[in-house]
1. If I filter the stretch 92-112 for residues that are touching a His at 6+ places or on another chain (Cβ under 9 Å) and within 22 Å of Val23 (Cβ to Cβ), do I get at least one hit?
2. Residues Glu98, Glu69, Glu122: which one is charged (D, E, K, R), farther than 19 Å from Ala42 by Cα and part of a helix (DSSP H, G or I)?
3. Please enumerate the residues belonging to the stretch 50-66 that are more than 22 Å from Arg17 (Cα to Cα), part of a helix (DSSP H, G or I) and not charged (D, E, K, R).
4. Could you tell me which of the residues Gly133, Gly115, Gly82 is touching a residue at least 60 places away in the same chain (Cβ under 8 Å) and out of contact with any Cys (no Cβ under 6 Å at 6 or more places or on another chain)?
5. Can you name the residue in the stretch 87-128 that is open to solvent by less than 90 Å² (accessible area, probe 1.4 Å) and of a type in the set (S, T, N, Q) and is also farthest from Glu25 (Cα to Cα) among such residues?
6. Listed residues Gly47, Gly75, Gly14, Gly40; which is surrounded by fewer than 22 Cβ atoms within 10 Å (Cβ to Cβ) and either of a type outside the set (Val, Ile, Thr) or part of a strand (DSSP E or B) (or both)?
7. State which residue pairs qualify: first residue within 15 Å of Ser70 (Cα to Cα) and inside the stretch 20-42, second residue of a type in the set (S, T, N, Q) and open to solvent by less than 50 Å² (accessible area, probe 1.4 Å) in any location, beta carbons under 6 Å apart, and separation of 6 or more residues or different chains.
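The values are calculated or read from the model by the stated rules, or taken from the named source; none is laboratory data. Nothing here was measured: the structure is a model prediction, and the numbers come from that model. As a convention, Cβ positions derive from the backbone with ideal geometry for all residues, glycine included, and neighbour counts pool all protein chains shown. Areas reflect the complete protein model, heavy atoms only, side chains present, ligands, DNA and RNA absent. Shrake-Rupley method; radii C 1.70, N 1.55, O 1.52, S 1.80 Å.
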Amino acid sequence: MDALQPGGSFKARGIGRLCTHLVRERGVTRLVSSSCANAGMAVAVAGRALGVATTIVASDVDRGCRLLESFRRLGAEVLLEGKEWNDADARARALGDEPASAYVPMFDHPLIVDGHSSLVEELFSDRNGEPPGCIVLSVGG
């Protein structure tokens, strides 16, 4: 069950795949996200596991988000920027353009999709190649 993944959601699969690539293949030493939800948690968990700095940029709307303290406990720097998510995201993208840094999107990257798809491979492996009767999942970012 992906709710038992580090970070508590399936996001660890895809975000973790992208973060691992960025650190090991591109030499990134700082991961940056504008998510104050499961994707941000996945970035913070991945950054800690990979031994790199992590920055989560939140907006004033997110100031009371309970996960901000969780990000800090994982070693992430938390910055507040602007009144809404678009402001925070613009700052996160700018920080991601700095040397040795990378912006990690919440869902829009082929390696994130690749990481999420590992769930299907795991299902088939656990069932010895027998397809499940159905797969129930959420759809969205």
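1. Within the stretch 92-112, one or more residues are touching a His at 6+ places or on another chain (Cβ under 9 Å) and within 22 Å of Val23 (Cβ to Cβ).
2. Glu122
3. The one that is more than 22 Å from Arg17 (Cα to Cα), part of a helix (DSSP H, G or I) and not charged (D, E, K, R): Val61.
4. Residue meeting the stated conditions: Gly115.
5. Here the residue is Ser125.
6. Gly75
7. Asn38/Ser9; Gly40/Ser33
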